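Trainee: If you scroll down you'll find the structure; I have some questions about it.
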Amino acid sequence: MAEPVLLLDGIRKAYGSAETEFEVLHGIDLRLERGEFAALIGPSGSGKSTLLNLIGLLDRPSRGLLVIDGEDTAALDDTALTRLRGERIGFVFQHHHLIPAFTAEENVAMPLLIARGRPDAAMFARAGELLARVGLGERRHHAANRLSGGQQQRVAIARALAMSPSLVLADEPTGNLDTHSADEVFALLREVNVQLGTSFLIVTHDPRLAGRCDRIIELVDGAIVSDRPNRAGADLRGE
Amino acid sequence: MPFEWIAALRFLREGRMQSLLIIVGVGVGVAVIVFMSALLSGLQANLVRRTLSSQAHIVLLPAEEVARPQDASGNAAVRLQKQAQRLRSIDQWQTIRDRLQGWPEILAVSPVAAGPAFAVRGDASKAVTLLGIEPERYNQVIALEERLVAGRLRVAAGEAVIGIELAKDLGADVGDKLRISSAQGDAETLTVTGLFDLGNKAVNARNVYVGLRTGQTLLDLVGGVSNIDLALHDLDEAEVVARRIAAETGLIADSWIRTNAQFVTALSSQRVSSNVIRFFVGLSVAFGIASVLVVSVIQRSKEIGILRAMGATRAQMLRIFLLQGGIVGFFGSLLGSALAWCFLLLWQLMARNPDGTPLFVIAFEPALVGIAAGGASLVGILAALLPARRAARLDPVVAIRG
Ligand SMILES: Nc1ncnc2c1ncn2[C@@H]1O[C@H](COP(=O)(O)OP(=O)(O)OP(=O)(O)O)[C@@H](O)[C@H]1O
Ligand SMILES: [Mg+2]
């Protein structure tokens with residue numbers, strides 16, 4: 001089949017200096033296909049965020065192969081990694097993380113602005129479309145910090161999609177939301193996945209939400225202990 | 001507008017109070033620097049102008065003069081007095097005059113036949129310096145015409161222009177006659193056509209201006225001149241130009257800088273001490289900007305992390321914070337220039353002569369605002385270097401986790 005969005009082979013991550021070295025991830029192998037909607041679960045401290053940061057090119061693995069969209073990242077320098085990250089990967093964080101100095105629309109357009117260097121009408125048009133898609137078309141000119149938590153998270157999702165990334169990484173995207181908002185945000189992620197074919201890797205502590213993904217990967221103590229398709233989630237795709 | 005500018009301006013705008021305070025801080029610093037610079041240059045220009053109102057920028061004297069006085073601060077008149085018995089002419093002075101007239105640095109060339117004499121009127125007799133001049137040329141070197149307080153600058157045969165002090169000493173006024181006799185024994189009766197005030201009491205009591213021809217006759221210098229006075233376009237070049245003239249003509253060339261060495265030294269040490277003050281004010285402005293930006297980088301570490309996650313490079317982060325420093329410096333300098341302008345207006349209102357006229361006029365040069373703006377922006381950027389590097393090096397993982 002086509003090349004995977006993500007390929008990990010023997011990924012290890014250790015913190016600390018040579019003497020005090022402390023390994024957090026012990027050889028992770030993982031392959032994520034295009035359009036997959038996968039959940040990453042596991043107890044606290046098992047290394048989920050660490051793994052997500054490596055995949056998101058925010059950090060470098062101590063050892064192992066990390067290929068994003070067919071591009072081996074080992075040889076890339078910081079600037080090249082940053083560019084690859086900006087173009088191919090979207091992030092949604094737990095603490096929504098919008099930039100308060102900018103409006104909702106500007107936050108969504110930010111990855112485009114960073115990549116192109118100067119603002120243009122097209123990027124704001126796209127930001128407007130994306131905001132409309134996440135149901136916030138009316139609030140495009142609101143200051144980012146004057147939106148509710150759920151609204152901010154939806155803006156963050158729109159922002160993650162701005163560059164049409166191949167892969168969206170979400171670290172507990174609903175962790176800070178009430179059940180209702182969490183369901184809405186999760187449904188939105190799923191909708192984007194189905195409509196645009198974007199791959200998702202979602203860290204969650206909520207078994208209910210994990211149960212609505214196509215695939216569930218479980219991490220314990222820095223190693224993958226189970227990786228299974230989830231029929232229930234896959235069935236939801238049809239909806 | 002590029003992304004970095006947008007982000008820098010937004011960050012500053014969002015940090016309202018902080019940005020405002022630091023801009024005011026920079027403004028006060030810039031105001032002190034601009035105010036001091038304008039005041040000092042105004043003061044110094046005024047002092048130099050007063051000093052040079054009765055002195056040529058460069059005085060050329062015959063080469064063979066042996067008994068050259070050691071007292072560098074004595075002016076030309078005093079020196080000529082000392083060599084009363086040995087007045088010499090400059091060889092081929094017309095040729096030298098015409099050649100120097102062609103130099104681009106030189107504004108005016110004025111040959112002078114000068115020497116000691118006595119002015120007698122009734123019972124009163126005064127030692128004076130007799131100066132035979134070509135009035136149009138001389139006037140370009142020393143603005144005699146504008147300093148006239150009575151009469152006109154007319155020195156045809158039988159006419160003389162004298163200073164107000166001498167007029168008082170001799171009890172003479174415009175239209176009165178006085179008798180001038182030189183050390184060589186020649187004498188002539190002249191009519192006073194004008195009275196001048198060159199702002200220097202000694203000069204006002206001593207100088208008697210006559211036509212070049214009259215001077216030459218009285219001083220036994222027929223066809224010759226005792227010295228050539230020069231005016232330059234740029235005062236500060238006087239010493240350099242004087243050396244060149246001396247080398248090329250073999251004449252003795254005394255610049256005003258050498259003649260007023262102590263005065264010039266005083267001026268330059270004044271400038272040095274003001275530079276020291278300006279440097280330290282600038283330094284404290286830089287530290288102010290740096291400390292505010294260091295705090296801002298810490299406060300914004302999360303946002304820096306997000307921007308990095310969204311594809312902003314280290315270089316972009318660096319520029320965003322350098323720009324903030326530059327922008328703070330720039331706006332601070334505008335505020336500071338405005339403040340300085342107010343100070344200067346106020347100062348000119350307060351600092352007045354007893355008669356109510358301004359002590360001296362300070363020109364507020366627009367160029368100074370430009371220099372202040374450029375300088376402060378640069379200082380801002382330099383001050384931002386450290387915080388900006390911190391921002392660029394921030395580990396996005398650490399920043400986002402917080
Ligand atoms: N910068 C670091 N230096 C040292 N140890 C670290 C660092 N970051 C993470 N760790 C350690 O790595 C382990 C995994 O952390 P990680 O944040 O990936 O866990 P997690 O699975 O995301 O947990 P949670 O569900 O609580 O978010 C933890 O033991 C943590 O202490
Ligand atoms: Mg985590």
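Trainee: For segment A:1-29, give me each residue that is under 22 Å from A:P43 (Cβ atoms), out of contact with any Pro (no Cβ under 8 Å at 6 or more places or on another chain) and in contact (Cβ under 8 Å) with a residue 12 or more places away in the chain.
Mentor: Taking segment A:1-29 and keeping what is under 22 Å from A:P43 (Cβ atoms), we get A:8, A:11-16, A:22-29.
Those left that are additionally out of contact with any Pro (no Cβ under 8 Å at 6 or more places or on another chain): A:8, A:14-16, A:22-24, A:26-29.
Those that are under 22 Å from A:P43 (Cβ atoms), out of contact with any Pro (no Cβ under 8 Å at 6 or more places or on another chain) and in contact (Cβ under 8 Å) with a residue 12 or more places away in the chain: A:L8, A:A14, A:E23, A:V24, A:H26, A:G27, A:I28, A:D29.
Trainee: Another one. Would a scan of segment A:75-86 turn up a residue that is away from chain B (no Cβ under 13 Å) and surrounded by fewer than 15 Cβ atoms within 10 Å (Cβ to Cβ)?
Mentor: Initial filter on segment A:75-86 (away from chain B (no Cβ under 13 Å)): A:75.
Cutting the leftovers down to surrounded by fewer than 15 Cβ atoms within 10 Å (Cβ to Cβ) gives us A:75.
Yes, segment A:75-86 contains a residue that is away from chain B (no Cβ under 13 Å) and surrounded by fewer than 15 Cβ atoms within 10 Å (Cβ to Cβ).
Trainee: Would you kindly identify the strands (runs of 3 or more DSSP E) lying entirely within segment B:87-152 that contain at least 3 residues that are open to solvent by less than 20 Å² (accessible area, probe 1.4 Å)? Show your work before the answer.
Mentor: Values: elements: B:106-121, B:124-133, B:148-151.
Output list reads B:106-121, B:124-133.
Trainee: Could you please let me know if B:G102 is over 22 Å from B:G215 (Cα atoms), at pLDDT 90 or above and away from every other protein chain (no Cβ under 14 Å)? Lay out the reasoning, then the answer.
Mentor: Details: over 22 Å from B:G215 (Cα atoms): yes; at pLDDT 90 or above: no; away from every other protein chain (no Cβ under 14 Å): yes.
No; evaluated as a whole, the condition is false for this residue.
Quick grid of which residues meet (1) within 30 Å of B:D173 (Cβ to Cβ); (2) of a type outside the set (D, E); (3) not assigned by TED's automatic domain parsing to the domain that holds B:S125:
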position: B:A183; (1), (2), (3): yes, yes, no
position: B:A205; (1), (2), (3): yes, yes, no
position: B:L212; (1), (2), (3): yes, yes, no
position: B:G223; (1), (2), (3): no, yes, no
position: B:E239; (1), (2), (3): no, no, no
position: B:V285; (1), (2), (3): no, yes, yes
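Trainee: A follow-up question, please. Going by the structure shown, is A:R140 among the basic types (K, R) and under 30 Å from A:V67 (Cβ atoms)?
Mentor: Numbers: among the basic types (K, R): yes; under 30 Å from A:V67 (Cβ atoms): no.
No; evaluated as a whole, the condition is false for this residue.
Trainee: If you don't mind, another one. Could you count how many residues in segment A:88-138 are outside any helix (DSSP H, G or I), open to solvent by less than 20 Å² (accessible area, probe 1.4 Å) and β-branched (V, I, T)?
Mentor: 4
Trainee: Sticking with this one: B:I22 is checked against (1) under 26 Å from B:F343 (Cβ atoms); (2) at pLDDT below 90 and fails just one. What number does that condition carry?
Mentor: (2)
Trainee: When B:C342 is evaluated against the numbered criteria (1) more than 16 Å from ligand 1 (Cβ to nearest atom); (2) assigned to a helix (DSSP H, G or I); (3) surrounded by 13 or more Cβ atoms within 10 Å (Cβ to Cβ); (4) of a type outside the set (S, T, N, Q), which criterion, by number, is the only one it fails?
Mentor: Checking B:C342 against (1) more than 16 Å from ligand 1 (Cβ to nearest atom); (2) assigned to a helix (DSSP H, G or I); (3) surrounded by 13 or more Cβ atoms within 10 Å (Cβ to Cβ); (4) of a type outside the set (S, T, N, Q), the one that fails is (3).
Trainee: Just to be sure I understand the filter: pairs with C-beta atoms under 9 Å, separated by 6 or more residues or on different chains, first member in segment A:44-68 and within 14 Å of another protein chain (Cβ to nearest Cβ) and in a strand (DSSP E or B), second member more than 9 Å from ligand 2 (Cβ to nearest atom) and of a type in the set (A, V, I, L, M, F, W, C). Which pairs pass?
Mentor: Pairs that qualify, where the first residue is within 14 Å of another protein chain (Cβ to nearest Cβ) and in a strand (DSSP E or B) and the partner is more than 9 Å from ligand 2 (Cβ to nearest atom) and of a type in the set (A, V, I, L, M, F, W, C), are A:I68/A:V5; A:I68/A:L6; A:I68/A:L7; A:I68/A:I55; A:I68/A:L57; A:I68/A:L84; A:I68/A:I89; A:I68/A:L167.
Trainee: Turning to a different aspect of this structure: Suppose we keep only residues that are charged (D, E, K, R) and open to solvent by 30 Å² or more (accessible area, probe 1.4 Å) within segment A:172-195. Which one would you say is farthest from A:A38 (Cα to Cα)? Don't jump to the end; show me each part of the working.
Mentor: Looking only at segment A:172-195, we keep the residues that are charged (D, E, K, R), and these are A:172, A:178, A:183-184, A:190-191.
Within this subset, residues satisfying the condition of being open to solvent by 30 Å² or more (accessible area, probe 1.4 Å) are A:172, A:178, A:183-184, A:191.
Numbers: A:E172: 13, A:D178: 22, A:D183: 16, A:E184: 18, A:E191: 14 Å.
Among residues in segment A:172-195 that are charged (D, E, K, R) and open to solvent by 30 Å² or more (accessible area, probe 1.4 Å), the one farthest from A:A38 (Cα to Cα) is A:D178.
Trainee: If you go through segment B:184-205 one residue at a time, how many are over 14 Å from B:K126 (Cβ atoms) and not in a strand (DSSP E or B)?
Mentor: Final tally of qualifying residues: 7.
This table checks each residue for (1) within 21 Å of B:M317 (Cα to Cα); (2) within 16 Å of ligand 2 (Cβ to nearest atom).
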position: A:K13; (1), (2): no, yes
position: A:E33; (1), (2): no, no
position: A:L52; (1), (2): no, yes
position: A:L112; (1), (2): yes, no
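Trainee: For a quick check of your reading of the model, give me the residue pairs whose first member lies in segment A:190-204 and is in a loop (DSSP other than H, G, I, E, B), whose second is of a type in the set (S, T, N, Q) and within 16 Å of ligand 2 (Cβ to nearest atom), with beta-carbon atoms closer than 8 Å and at least 6 apart or on different chains.
Mentor: Hits for this filter: A:T204/A:T174.
Trainee: While we're on this one: What tally of residues in segment A:1-44 results from selecting those that are open to solvent by 80 Å² or more (accessible area, probe 1.4 Å), under 21 Å from B:V397 (Cα atoms) and more than 16 Å from ligand 1 (Cβ to nearest atom)?
Mentor: Going through segment A:1-44 one residue at a time, the tally reaches 0.
Trainee: Give, as residue ranges, the helices (runs of 4 or more DSSP H) completely inside segment B:224-334 that count at least 2 residues that are open to solvent by less than 10 Å² (accessible area, probe 1.4 Å). Steps first, please.
Mentor: On the way: elements: B:238-249, B:256-259, B:261-299, B:301-309.
Once the helices (runs of 4 or more DSSP H) in segment B:224-334 are filtered for at least 2 residues that are open to solvent by less than 10 Å² (accessible area, probe 1.4 Å), what remains is B:238-249, B:261-299, B:301-309.
Trainee: Taking segment B:372-399 as the search range and keeping residues that are within 16 Å of ligand 1 (Cβ to nearest atom) and open to solvent by less than 20 Å² (accessible area, probe 1.4 Å), which one is farthest from the other protein chains (Cβ to nearest Cβ)?
Mentor: If we filter segment B:372-399 for residues that are within 16 Å of ligand 1 (Cβ to nearest atom), which is where we start, we get B:393-399.
With the extra rule that they be open to solvent by less than 20 Å² (accessible area, probe 1.4 Å), the set shrinks to B:396-397, B:399.
Numbers: B:P396: 5, B:V397: 5, B:A399: 9 Å.
Checking each candidate, the answer is B:A399.
The values are calculated or read from the model by the stated rules, or taken from the named source; none is laboratory data. Predicted, not measured: the structure shown is a model, and the values here were computed from it. Cβ atoms come from the backbone with ideal geometry, glycine included; neighbour counts cover every protein chain shown. For accessibility, only protein heavy atoms count, side chains too; no ligands or nucleic acids. Shrake-Rupley method; radii C 1.70, N 1.55, O 1.52, S 1.80 Å.
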